[in-house]
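Chemist: The structure is given below, and queries will be raised subsequently.
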Amino acid sequence: METSLAPVYHILLFIAHVVAYIYDCKYIVTNESETVFTYKGYGGKFKYLTNWNFIIQTVYFGLCVANDFSGTNVRPSDKRQRSRLQRWRDNFLATVVFPLGMFVVLSFWGIYAVDRELVYPKELDKIIPAWLNHIMHTTILPFLLVDKFLVYHQYPSRKSGIITLLSLALIYLVWILWVAYYANIWVYPILKVLSPHQKAVFIMVMLVFFIFLYLVGEFLNKTLWGKEKNIAKKEKSS
């Protein structure tokens, strides 16, 4: 797990995300009569978790680039102190970037497999290029897994990490419920077809899923870097 490739990797991904986001903002224009997934209307693109995640992933890789050149990439065996940039990067990845990115990928394709009209109507194939759709909903997964392999991230306490993640999830939940109440727009068709009881169950399941994804990220970090951490501990005690 050598970090010498990390700066190049982060630069390429940051550029790719910036270009894709600019394209999405400049060229993806929809008509409200064409699809329920309009970018127009109350809240615009910011109604969608995909857009939140797109911005968050872009900011994360930008932060990685800044850290690669102005911060530190301290590994478990390294006796140096982490820079402030690295602490921000590590906490951001652990509490928001990884679990949210995994959630977007798995929930999108999971619902898509059951009924794509509930999450990505066919009309969008004419509006959003396939490559952009995959950057928003697919490549997040391999990009983050490679990043975890290349770069060590020190996780915060589990309690702190989960509280941060659930706080973000609840903020987004309040936002989409407000949009539904104020503008009579259900951001996702699946919420429109569920009864109030089913909505409550669905939301609770999604929150539990968020926690599970946080634990998956923590587990992967320990699996990839645990051996090096144990070696470092033995060296300190000897």
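Chemist: Under 8 Å between Cβ atoms, at least 6 apart or on separate chains: pull out the pairs that start in region 196-214 with a residue that is free of Cβ contacts under 8 Å to residues at least 24 places away in the same chain and end on any residue that is surrounded by 11 or more Cβ atoms within 10 Å (Cβ to Cβ).
Modeler: Lys199/Leu191; Phe202/Ile190; Phe202/Leu191; Phe202/Leu194
Chemist: Among the residues of region 175-188, write down those that are free of Cβ contacts under 8 Å to residues at least 60 places away in the same chain and exposed (fewer than 12 other Cβ atoms within 10 Å of the Cβ).
Modeler: Tyr181, Asn184
Chemist: Looking at Ala200 and the list (1) more than 18 Å from the chain's Cα centre (by Cα); (2) surrounded by 13 or more Cβ atoms within 10 Å (Cβ to Cβ); (3) over 15 Å from Trp52 (Cα atoms), which single condition is not satisfied?
Modeler: The number of the failed condition is (2).
Chemist: Modelled with pLDDT of 90 or more and either in a helix (DSSP H, G or I) or surrounded by fewer than 17 Cβ atoms within 10 Å (Cβ to Cβ) (or both), is that true of Leu191?
Modeler: No.
Chemist: Which helices (runs of 4 or more DSSP H) sit wholly inside region 36-127 and have at least 1 residues that are of a type in the set (S, T, N, Q) and over 21 Å from Ile162 (Cα atoms)?
Modeler: Result: 49-70.
Chemist: Let me ask something else about it. Among the numbered conditions (1) in contact with a Pro (Cβ under 8 Å, 6 or more places away or on another chain); (2) of a type outside the set (S, T, N, Q); (3) modelled with pLDDT of 90 or more, tell me where Val208 comes up short.
Modeler: So Val208 meets the others, but not (1).
The values are calculated or read from the model by the stated rules, or taken from the named source; none is laboratory data. Keep in mind it's a predicted model, so treat the numbers as computed, not measured. Every residue, glycine among them, receives a Cβ derived from its backbone with ideal geometry; neighbour counts consider all protein chains shown.
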